[in-house]
Amino acid sequence: MSNSWKLKTFSHLSATERAYIAGLIDGEGSISIVKWKTTGKRRSEVRVSIYNCNRAMISWLEDKLHAKRRNVPRSKPSWKQAFVVALHSVSATLLLQTVLPYLVAKQGQAELVITYQSTKRRVGRKGTGQSVLEEREEMISQIHLLNKRGRTDAVAS
């Protein structure tokens, strides 16, 4: 039985493309750890999303990142149609590792979620130790703090 998925790699991106994508993540994107419950189990994943109204730019991202775009529901009928391209889990982490040297505003978030992803279970391993679960919860709290809107104590002067 073969895997129905193929791991995305980003070695095909030029340095200029890596820098451009990093700029899009810094300015139009989000880096997050998303949690949810399913069938009584807690789940979480790393997510990188880039939002924009420019269809040509989003199509370029789809091509370069081997990802699909989704339409973002409009909050007001007069607003332009917005789109999002999102990567999840390992693919998101690989993208962040690829563009990390070019990130400015969100370099801290990227480093944190790369570390978070490294704690995820590998195939063949059973269970996750309590210390790892506590470490993950701390990283989730840190990413929420880094992503918080408005002034923070670190920024206030």
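Numbers below:
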| read-out | value |
| --- | --- |
| Subset of the range 42-60 [within 15 Å of Phe83 (Cβ to Cβ) and hydroxyl-bearing (Ser, Thr, Tyr)] | Ser49, Tyr51, Ser59 |
| Total residues in the range 117-133, condition more than 17 Å from the chain's Cα centre (by Cα) and at pLDDT 75 or above | 0 |
| Criterion violated by Arg55 - all others in (1) within 19 Å of the chain's Cα centre (by Cα); (2) more than 28 Å from Ser118 (Cβ to Cβ) satisfied | (1) |
| Count of the range 52-80 residues which are in a loop (DSSP other than H, G, I, E, B) and either farther than 28 Å from His12 by Cα or not basic (Lys, Arg) (or both) | 12 |
| Checklist (1) modelled with pLDDT under 95; (2) among the β-branched types (Val, Ile, Thr); (3) part of a strand (DSSP E or B) applied to Ile114, failing item | (3) |
| Test set (1) in contact (Cβ under 8 Å) with a residue 24 or more places away in the chain; (2) hydrophobic (A, V, I, L, M, F, W, C); (3) over 24 Å from Arg18 (Cβ atoms) - Leu65 fails condition number | (3) |
| Selection from the range 10-51 of residues that are in a strand (DSSP E or B), among the hydroxyl-bearing types (Ser, Thr, Tyr) and surrounded by fewer than 12 Cβ atoms within 10 Å (Cβ to Cβ) | Thr38 |
| Cross-chain or 6+ apart pairs with Cβ under 7 Å, the range 69-94 first and over 11 Å from Arg47 (Cβ atoms) and touching a residue at least 40 places away in the same chain (Cβ under 8 Å), then loosely packed, with under 15 Cβ neighbours inside 10 Å and among the β-branched types (Val, Ile, Thr) | Leu94/Thr9 |
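So that you can scan it fast, the table gives a plain yes or no per residue for (1) in contact with a helix residue (DSSP H, G or I) (Cβ under 6 Å, 6 or more places away or on another chain); (2) within 26 Å of Lys148 (Cα to Cα):
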| residue | (1), (2) |
| --- | --- |
| His12 | no, no |
| Ser30 | no, yes |
| Lys41 | no, no |
| Ser49 | no, yes |
| Ile58 | no, yes |
| Asp63 | no, no |
| Arg74 | no, yes |
| Lys80 | no, yes |
| Leu100 | yes, yes |
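The values are calculated or read from the model by the stated rules, or taken from the named source; none is laboratory data. Source: prediction; values computed, not measured. So basically every Cβ, Gly included, is an ideal-geometry build from the backbone, and we count neighbours across all protein chains shown.
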